[in-house]
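Undergrad: Following this message is one structure expressed as structure tokens.
Every number in this text was worked out from the coordinates using simple rules, so none of it is lab data. Only a predicted model underlies this, so the values are computations on that prediction, with no experimental measurement involved. Reconstructed Cβ throughout: ideal geometry from the backbone, glycine too, with neighbour counts over all protein chains shown.
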Amino acid sequence: MKKLVKISVFAVIGLLSNTVTAFQSTPDRSNKVFGDICSVAPWACGMTISGGNGDGFEPEKPKPIEK
Amino acid sequence: MSAEVIQIPLTTLLNLAALILYTLAVKRITFFSFVLVGLLLIDVLHQGIAIYLRSFLSDERSLSFVFHAWYISFAFTDFLFFLCGLYLAKVVGSDIDKASQFILFTYLVLGVIQMLRFAERLFTDTNLMAWLYSEGIPLTNLVVTAFVISYVIRVTFVSLRHGVRTV
């Protein structure tokens, strides 16, 4: 069991490094704070791409219907 | 094929890895295990909601639907996750550990942010919460994932040390 846990630790590290590398090519964050972070540390951008709660994106507000 | 792989949210992958590692480390199912499963489900659900609603963005007639559904669906699922956590703790009769408390409370706050921003955009023309919404939500996603990973790694090391002592 101890061996299995050790293997899992390495698997998590491997998964982390691979997925972070995979996300490096998609830094499409346009807001200020994350734009700055992306320019300094591109791997950090991948951490929030496609996150929960819409990831800070907001849809356009519909125009009021004119009577 | 590779483009499809990139569509998988990193937070979901990391939470899944954390759940596997945590289960192997503690060798039993705890309340935190349920919270991690809930976190995974809500990640997938939110991803689905975002993809579904974004598909309507190009249609002018659907803007009103997308605008309302965006905030309400995210807030509803956040509150549901929080309430399910409380209900589960009551049914199982277990205390909610500090890590689970933090995650559940974070989702309660996220739900409140969604509703406040929705009310602000719906009833006023101000943009007081715009910064909190656009920066706060991605930052919270990052904090929750970093918290889960660091907590599970800590539990794993404690478990390994405990295992060495008992041998």
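Undergrad: Please give the helix B:130-166 orientation as an angle from the longest Cα principal axis of chain B, in degrees from 0 to 90, rounded to the nearest 10.
TA: Tilt relative to chain B: about 10 degrees.
Undergrad: Still on this model: I need the P(r) histogram for region B:29-151: all alpha carbon pairs, bin width 10 Å from 0 out to the longest distance, whole percents.
TA: 12, 40, 32, 14, 3
Undergrad: What angle do you read, to the nearest 10 degrees and between 0 and 90, between the alpha-carbon axis of helix B:63-92 and the longest principal axis of chain B?
TA: With rounding to tens, the tilt is 30 degrees.
Undergrad: Measure nothing fancy, just the Cα-based angle from helix B:31-54's long axis to the longest principal axis of chain B, in degrees from 0 to 90, nearest 10.
TA: The two axes meet at around 20 degrees.
Undergrad: Peptide B:110-121: average number of partner chain Cβ atoms within 10 Å per residue? Don't jump to the answer; show the numbers that get you there.
TA: Numbers: counts 2, 1, 0, 1, 2, 0, 0, 1, 1, 0, 0, 3.
For this peptide, the per-residue mean of nearby foreign Cβ atoms is 1.
Undergrad: Return the calculated 222 nm mean residue ellipticity for chain B, to the nearest 500 deg cm²/dmol, obtained by summing -39500 (n - 2.57) across DSSP H runs with n ≥ 4 and dividing by the residue count. The partial results should precede the final answer.
TA: Details: 6 runs with 139 residues, N = 167.
My calculation for chain B gives -29000 deg cm²/dmol from helical runs alone.
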